[in-house]
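Below is one structure, written out as structure tokens; the observations come after it.
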Amino acid sequence: MKPDKYFVFDFDSTFTKVEALDVLCDISLQGNPNRESVTHEVHNITNLCMDGKLSFRDSLESRLALIHANKSHIPALISYLKQNVSVSFVRNKEFFTTHSEQVYVISNGFKEFIVPIVEEYGISADHVFANDFIFDEAGNITGFDKANVLSGDNGKVQVIKELELQGDIYVIGDGYNDYKIKAAGLANRFYAFTENIERASILEKADHITPSLDEFLYLNKMNTAISYPKNRIKVLLLENIHPDAARKLKEEGYQVEAHAAAMDEDELCERIKEVSVLGIRSKTNVTARVLENANRLISLGAFCIGTNQIDLEACARKGVAVFNAPYSNTRSVVELAIGEIIMLMRNVTDKSRDMHQGHWSKSAVNSNEIRGKKLGIVGYGSIGTQLSVLAEGIGMRVYYYDVIEKLALGNATKCSSLEELLSVADVISLHVDGRPENNNFIDAQAFSHMKEGAILLNLSRGTIVDTKALRDNILSGKIRGASVDVFPHEPKSNDEEFVSELRNLPNVILTPHIGGSTQEAQENIADFVPNKIMEYINTGSTTNSVNFPNVQLPQLHNAHRLMHIHHNVPGVLAKISHVLAQHDINVVSQHLKTNETIGYVIIDINKAYDHAVVKDLKSINTIRFRVLY
């Protein structure tokens, strides 16, 4: 039975990531002092041809004259091309082997290097139409077979005519000559392939822009390698997240849009409607109202430590997995704290301000070493413990208090109550989270327990200190110095004025929420959070999620993975098992974990299954259902 559909692929910059003649030029000119300039000229000629601004024959003659290649260079070219097949083609190798009778490669390139590449994908040589090199006796490439129709401008059109394919024809390519097949009325649709290169003049002529082969197969209901094209996953990054995060997510194939500022609730409600992944820092609040508009949202990344700006329970109820970076900026926060303790003990900022105003006020009054001073750490988590170790290393005596039982590091002393710590410490550093019950955690009464002349640092959350009480105690002299990096109300961007009653107070260091804002920390966060999000999307793993049950899953091989997120009520797993049994599904592996809000079931099943099972599983108390393959 003859096929009713045919798929015509270009080779250069479509089947492979590169233009083969450009690579051949680079190989053949190894050691030539003019290599860089000649390679650049060949590349420009290629682009002029692909954009339809230069005839193909003229471009071919010009390039071969510049390249000076030999038959001996072709094996190196083939080896390079094999390593540079387009990523989505490699991923979808099964498509080519399954549909080899329907696939044709029609290229203005050369059979000598095309056939060895595509044969590994099940495409036979008689389905490859391309040019032929002409060699002299020494093996030098002296030209091409000008009788071959593909050496001319309408060669691809002519080949399609001669093939007389009886059925629908779909053309996938990146150049003007690919589009001409559709323009000649010989193809049903032309897909502009943009995984490797985008040519603006071609995009406007395409029936559809396909950033990957996954997209083409998805549109034509032939996707088998992955369940959903990654180019359809839209990512919105706010608050000037480090560009490494955007680069990493783009390399994964996602559509990424980045904004420098935060968004208020109304703006985010509008912008989040088509977003699959949202990345924020500390200023953007993701409320239940925002989530009501987030019908495509799969995952949310907090590119910081804290998550109190996110309604985690509402995210769980919506089936949105949230990931943060609990350790990535720990060192940066601790180093700032150490520096500020020294600066406040020496009253450096006021002296520096006086100097800038022309006042010389050399004095040792209210200037002390930190060696031997007592540091009280409130909150003995990852930041508190590292601060404990470093502070002790430079001679401070460390005390700590935490509502959770924590093992002391080094010679640190555990306090049995907050009041005990406040009464003994010369310097108090706060490292607690911003949950509502911690609002005004340090209030007027807490200040009353502190020593006269104590120093206070808040590098955790702006809401945990009563700002008025802090101001009053600074003005009274009870608190001799303070460092504040976080505030109850912070500007959404650098263009907005910072307003606070702590401005212009003596021996007070105010910093614009930069505790974790070092290049090293931001690079670490930009690596950690995207990795967790991509791992969740690709495998379903929820390790380090702050609102989902934590499940570490292996990569999926030769199976389909069904992921069922549901409200945590009794009997769901039994119902799922019943549905699987009804459909005679062979379960390869199964996982279930729950928390207070949701249950998360992951089932790996054989590839062959009744697709009606998906509909039945979705009816079981489902929040979100995903299929991976």
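Rule-based calculations on the coordinates, nothing more; no lab input. Since the model is a prediction, treat every value here as computed from it, not as a measurement. Every residue, glycine among them, receives a Cβ derived from its backbone with ideal geometry; neighbour counts consider all protein chains shown.
Using 1/(1 + (r/R0)^6) with R0 = 30 angstrom and r between the beta carbons of Asp495 and Glu523, what's the FRET efficiency to the nearest 0.05? After rounding, the FRET efficiency stands at 0.75. For Val398, the amide hydrogen comes within under 5 Å of the amide hydrogens of Leu375, Thr413, counting only partners 5 or more places away or on other chains and with H modelled in the peptide plane. Identify the residues of segment 451-494 with backbone N under 16 Å of a label point that sits 7 angstrom from the Cα of His259 along the Cα-to-Cβ direction, or state none. Inside the label zone: 491-494.
In the chain, a dipole from Cβ-located charges (positive for Lys and Arg, negative for Asp and Glu) runs towards its positive end, and of Asn524, Ile479, Val42 it is Ile479 whose Cα lies farthest in that direction.
Taking packing as the residue-averaged number of other Cβ atoms within 10 angstrom, the listed peptides 447-455, 322-330 run from highest to lowest as 322-330, 447-455. Put simply, when 571-579, 353-361, 311-319, 290-298 are sorted by average Cβ atoms within 10 angstrom per residue, most first, you get 311-319, 290-298, 571-579, 353-361. Across segment 183-191, computed HN-Hα scalar couplings (Karplus, 6.51 cos²θ - 1.76 cosθ + 1.60, θ = phi - 60°) run 4, 7, x, 9, 10, 6, 8, 10, 9 Hz from first to last residue, x flagging Gly and Pro. Once backbone amide H atoms are built at 1.01 Å from N, Phe133 has Lys111, Glu112 as its partners under 5 Å, excluding neighbours fewer than 5 places away on the same chain. Remark: spin-label model distance Lys221-Arg247 equals 4.2 nm, labels positioned 7 Å along the Cα→Cβ axis. Its DSSP H runs of at least 4 residues, each contributing -39,500 (n - 2.57), put the calculated 222 nm mean residue ellipticity of the chain at -10000 deg cm²/dmol, to the nearest 500. Note on volume of the Cα convex hull per residue in Å³: of the candidates (1) 162; (2) 188; (3) 217, the value calculated from this structure sits at (3). Amide H contacts of Thr194 (H built 1.01 Å from N, in plane; Pro and chain starts excluded): Thr210, Ser212 sit under 5 Å, all sequence-distant by 5 or more or on other chains.
Considering only Ile27, His513, Val614, the residue lying farthest towards the positive end of the dipole of the chain is His513, judged by Cα position with unit charges set on Cβ.
Counting only DSSP beta bridges whose two residues both lie in the chain, roughly 30 percent are antiparallel.
With θ taken as phi - 60° and the Karplus curve 6.51 cos²θ - 1.76 cosθ + 1.60 applied, the whole-hertz 3J(HN,Hα) list for segment 153-167 is 6, 10, x, 5, 4, 5, 4, 4, 4, 5, 6, 6, 6, 9, x Hz, x standing for glycine and proline. The phi torsions of segment 291-300, fed into the Karplus equation with coefficients 6.51, -1.76 and 1.60 and a -60° offset, translate into couplings of 5, 4, 9, 9, 6, 9, 5, 9, 8, 10 Hz, rounded to whole numbers, with Gly and Pro shown as x. How would segment 3-69 be classified by its alpha-carbon gyration tensor: rounded, prolate or oblate, with rounded meaning a/c under 1.5 and the a/b versus b/c comparison settling the rest? Since a/c reaches 1.5 and a/b is larger than b/c, the shape of segment 3-69 is classed as prolate. Taking label positions 7 Å along the Cα-Cβ direction at both Asp443 and Arg503, the computed distance is 2.8 nm, reported to one decimal.
Along the charge dipole of the chain, Cβ charges K/R +1 and D/E -1, which of Val286, Ile226, Pro3 sits furthest on the positive end? Sorting the options by dipole projection puts first Val286.
What is the magnitude of the charge dipole of the chain about its Cα centre, with +1 placed on the Cβ of each Lys and Arg, -1 on the Cβ of each Asp and Glu, and no other charges, expressed in debye to the nearest 20? Working shown, then result.
Values: 64 positive and 79 negative charges, 285 e Å.
With only Lys, Arg, Asp and Glu charged at Cβ, the dipole is about 1360 debye.
The packing ranking of peptides 501-514, 18-31, highest mean first, is 18-31, 501-514, where packing means the average number of other beta carbon atoms within 10 angstrom of each residue. Placing pseudo-labels 7 Å out from each Cα toward the beta carbon at Asp132 and Asn308 gives an inter-label distance of 7.7 nm.
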